[in-house]
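Student: Have a look at this one.
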Amino acid sequence: MPDPSFVFAQSVSGLTAAMFLFLIASGLSLIFGVLRVLNFAHGTFYMLGAYCAYQIVQWIGVESGHFWLAALGAATAIAILGGLIEHFLFRHLYGKEELYQLLFTYALVLILSDTAKIFWGTQQKSVSRPPELTGAFQILGATVPHYNLFILLLGPAIALAFWFVLQRTRAGRFIRAAALDRETLGALGVNVDGLYTWVFVIASFLGGLGGALIAPMRATVPGMDTDVIVEAFVVVVIGGLGSFWGTFLGALIYGQVLSFGILFFPRFSIFSVFALMAAVLIIRPWGLLGRPLK
Amino acid sequence: MRLSRIPWGPLVLLAAFFVPTVGSRFYTFVANDVVIWALFATSLNVLVGYTGLVSFGHAAYFGIGAYATGLLMKKAGVSFLLAFPAAGVIAGLCALVFGFFCVRLTRIYFAMLTLAFAQIVWAICFKWNEVTGGEQGMPEIPYPSFDWLDRVATVLPFVGGYRTSDYYYFTCLVLVGISLWLLRRIVASPFGRMLTTIRENAERAEFIGVNVRRYELAAFVIAGFFAGLAGGLFGIFNRGVFPDFAYWTKSSEVLIMTLLGGMSTFYGPALGALVLIWLNQQIVSYTEYWPFILGTILVILLFVFPGGIGGAVTALWRRAQRRPAGA
């Protein structure tokens, strides 16, 4: 039996990874839930969020409080980018086949990640942790950095805020209605086109925020986008495409499977998460908490 | 003579035999790349174009084929004559197992499950160091032995005098030519017509008593088999087999080729492979930002020519034919 403090540390690291994945996957799931499109570019938004945060920190320095400005600024920039892409390009593909939509989002991956290479090169970039959160706690013999704890609290906070908006506000009702029946919603006088743009903006904001917040923990490098997007796919598929709490659950499962998989089968932990994804698709294609598509 | 009566496929194949004589070593290299990808893209088109199943994990079978041939030839010392068909058979068997589950799902879930299986294959290749060489891959896959050609050359002198890579190119041409011919026979057969029926209206096919899933599975296995053959050829051509052969971005690349060439025509995907690889070679000498260009091409394609080159040419052709009748 492994040392309990080690098990604890492992599950904390799994939880932290899960919160990041939740931030990214929730945007992906939102877009799928409403627009029925899998957005490959979502991982690239995440990577761009990290680069933007790095860039803003370069400009404004690392003094106290500046990191938060950088994170918010980066997320906002990505949100605007997402909104523009939806408004000027993606909108025209809604009536077309799924393959075209998928490939369009893949074209965005190619274009945007190469643009990032033009601006920031291929050297890895890193952002230092915000000075407020550089310390660490000792819990049950394991070291938990303050920053990780912040992420652990932020994840559920965003989940709750998200849930509140979706369930308790007018805009949230429209979003849920658009997911169910776009045409009827339009016939009732709601500006569905505008709504779709906003869905893209919110989802891109979450993706960009996830990227900005991970910048102090992992190096920002080209290629992180294509890696993270498949992870996010695993999360949304396990939880259920388009299901909000499903995404949360999927992220938690993914984080734990990965971190304990590394403990017990160090070589095949990546394998195990994809196997889990395949198993969920085979047994319950709509995911643990999702509903079957009509 | 009507242009459409000319046997374009065999003519192009015949012309391709003269590339090493006329062009440089570089052109032979590019042509060899094109030939292999043409088979890979055409195999995918059996699924996407003919059956209407969008697979996002077709690279899995390409990768399996490459590893099968590579392992057999490098580690087991099996001759190419056995290792090459083995690539197709092993990839086809994997496609049978994976496809069994995939065809039960529809649309986006089908795409996701093919992606999941491809990532499983990638993860195994990436981590199973003892067998696959892990992240480093398997370099130095030997060429097939061409010693017997020396004996042939004593009788037919024009056969001799090429480099090993040129002989390998000829081998690929012959094998891909045969594979494409087989694929063409398959999609033109009653079985192939039924695949098209399923694409157009699966429900209707079900009503007239067709076991849709079984047909889809058969298409999946055929596509996997030929992708495996392409992978087997590519591993030797590439002088090494690497895990990213099965990574999901490879699956997108081959989808782009298929789309660029045009999914509505048999030779479209092969044409897409030719255009994309040629463009790549041209552009890489000017800029390192090839993905940027590729993405831009793809966007233009999706918005302006959704039928790909094949679709655009067919449309132009029909127009040109209609005009004299109208005049």
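FYI, it's all coordinate maths here, none of it is from the lab. Just so you know, these numbers come straight off a predicted model, no measurement behind them. Quick reminder, even Gly has a Cβ in these numbers, built from the backbone with ideal geometry, and neighbours come from all protein chains shown.
Student: Which of B:LYS127, B:LYS75 comes first, and how do the rest follow, when ranked by fewest Cβ neighbours within 10 Å? Could you put the intermediate results ahead of the total?
Tutor: On the way: B:LYS127 18, B:LYS75 11.
Lowest count first: B:LYS75, B:LYS127.
Student: Just A:PHE265, A:PHE205, A:PHE22 to compare: in a GNM of chain A, with alpha carbon springs under 10 Å, which one fluctuates most?
Tutor: A:PHE265
Student: Treat every Asp and Glu Cβ in the range B:70-187 as -1 and every Lys and Arg Cβ as +1, leave all other atoms uncharged, and give the resulting dipole magnitude about the Cα centre to the nearest 20 debye.
Tutor: Value, rounded to 20: 500 debye.
Student: Report, as an integer, the average count of C-beta atoms from other chains found within 10 Å of each Cβ along B:296-303. Mind showing how you got there, number by number?
Tutor: Numbers: counts 4, 2, 7, 7, 1, 4, 10, 6.
The mean count of partner-chain Cβ atoms within 10 Å per residue comes to 5.
Student: Based on DSSP H assignment, which helices of chain B show an axial Cα extent of at least 18 Å together with a mean Kyte-Doolittle hydropathy greater than or equal to 0.5? It would help to have the intermediate numbers written out before the result.
Tutor: On the way: long enough: B:25-45 (30 Å, 0.91); B:59-74 (22 Å, 0.98); B:80-102 (32 Å, 2.32); B:107-127 (30 Å, 1.45); B:164-188 (36 Å, 1.08); B:212-237 (37 Å, 1.38); B:248-261 (20 Å, 0.74); B:268-284 (23 Å, 1.32); B:290-304 (21 Å, 2.61); B:308-326 (27 Å, -0.35).
Going by DSSP H runs, the hits are B:25-45, B:59-74, B:80-102, B:107-127, B:164-188, B:212-237, B:248-261, B:268-284, B:290-304.
Student: Still on this model: Does the protein assembly as shown come out rounded, prolate or oblate by the C-alpha gyration tensor, with a ≥ b ≥ c the root eigenvalues, rounded set by a/c under 1.5 and, if not, prolate when a/b is larger than b/c and oblate if not? Spell out each step's value before the answer.
Tutor: Working: a/c = 1.83, a/b = 1.47, b/c = 1.25.
Prolate is the answer for the protein assembly as shown, as a/c is 1.5 or above and a/b outweighs b/c.
Student: Place +1 on the Cβ of every Lys and Arg and -1 on the Cβ of every Asp and Glu in chain A, take the dipole about the Cα centre, and give the residue among A:VAL280, A:ILE78, A:THR105 whose Cα lies farthest towards its positive end.
Tutor: Value: A:VAL280.
Student: Given the options A:GLY250, A:GLY155, A:GLY135, state which has the largest fluctuation in a GNM of chain A using a 10 Å cut-off (strictly under) for Cα springs.
Tutor: Of A:GLY250, A:GLY155, A:GLY135, the most mobile in the Gaussian network model is A:GLY135.
Student: In the range B:3-246, with Lys and Arg counted as +1 and Asp and Glu as -1 at Cβ, which of these residues, B:GLY231, B:ILE186, B:VAL176, has the Cα nearest the positive end of the dipole, that is, farthest along it?
Tutor: In the range B:3-246, that residue is B:ILE186.
Student: Taking the number of other C-beta atoms within 10 Å as the exposure measure, put A:HIS66, A:HIS92 in order starting with the fewest.
Tutor: The order, fewest Cβ neighbours first, is A:HIS92, A:HIS66.
Student: Can I ask one more? About its Cα centre, what dipole magnitude does the protein assembly as shown give when the only charges are +1 on Lys and Arg Cβ and -1 on Asp and Glu Cβ, stated in debye to the nearest 20?
Tutor: I would put it at about 1620 debye.
Student: Okay, next question. With the dipole of chain A worked out from charges on the C-beta (+1 for Lys and Arg, -1 for Asp and Glu) around the Cα centre, which of A:ALA232, A:ALA18, A:LEU180 lies farthest toward the positive end?
Tutor: A:LEU180
Student: A follow-up question, please. Mind pulling the per residue volume of the convex hull built on the Cα atoms of the range A:22-222? Å³ is fine.
Tutor: 132
Student: Give me A:ARG170, A:ARG284 ranked fewest to most by other Cβ atoms within 10 Å of their Cβ, as a rough exposure proxy. Intermediate results must be reported in sequence, preceding the final value.
Tutor: Numbers: A:ARG170 8, A:ARG284 14.
Ascending number of Cβ neighbours within 10 Å: A:ARG170, A:ARG284.
Student: Mean Kyte-Doolittle of at least 0.5 plus a Cα span of 18 Å or more along the axis: flag which DSSP H helices in chain A meet both, please.
Tutor: Details: long enough: A:4-35 (44 Å, 1.77); A:42-60 (27 Å, 0.59); A:66-88 (33 Å, 1.41); A:98-120 (33 Å, 1.09); A:146-168 (32 Å, 1.34); A:192-214 (33 Å, 1.60); A:224-239 (23 Å, 1.82); A:244-264 (30 Å, 1.55); A:269-283 (21 Å, 2.72).
Correct list, ordered by number: A:4-35, A:42-60, A:66-88, A:98-120, A:146-168, A:192-214, A:224-239, A:244-264, A:269-283.
Student: Once Rh is set to the Kirkwood radius over Cα pairs, what Stokes-Einstein translational diffusion coefficient, in µm²/s, holds for the range B:3-246 at a temperature of 10 °C and a viscosity of 1.306 mPa s? Don't jump to the answer; show the numbers that get you there.
Tutor: Numbers: Rh = 18.9 Å.
Rounded, D is 84 µm²/s.
Student: Further question on the same structure: Taking only C-alpha pairs under 8 Å that are 6+ residues apart, what is the relative contact order of chain B in percent? Don't jump to the answer; show the numbers that get you there.
Tutor: Working: 478 pairs, mean separation 105.6, N = 327.
Value for chain B: 32 percent.
Student: Of A:GLN138, A:GLN256, A:GLN167, which is the most mobile in a GNM of chain A whose springs link Cα atoms less than 10 angstrom apart?
Tutor: Result for chain A, Cα springs under 10 Å: A:GLN138 fluctuates most.
Student: Quick one: check the C-alpha center-to-center distance for the range A:13-34 versus the range B:49-96, whole angstrom.
Tutor: 35
Student: If amide H atoms are built 1.01 Å from N in the plane of the peptide, which residues on other chains or at least 5 residues away come under 5 Å of the amide H of B:PHE146?
Tutor: none
Student: For the range B:253-327 and the range A:184-262, what is the centre-to-centre distance using only Cα atoms, to the nearest Å?
Tutor: If we compute the Cα centre of each part, the gap is 33 Å.
Student: Based on Cβ point charges of +1 for Lys and Arg and -1 for Asp and Glu, what charge dipole magnitude is obtained for chain A about its Cα centre, in debye rounded to the nearest 20? Each step should come with its number before you reach the end.
Tutor: Numbers: 16 positive and 13 negative charges, 100 e Å.
Dipole about the Cα centre, nearest 20: 480 debye.
Student: Could I ask something else about it? For a quick check: with amide H placed at 1.01 Å from N, whose amide H comes under 5 Å from A:ILE139's, ignoring anything fewer than 5 positions away on the same chain?
Tutor: Under 5 Å from the amide H of A:ILE139: A:VAL144.
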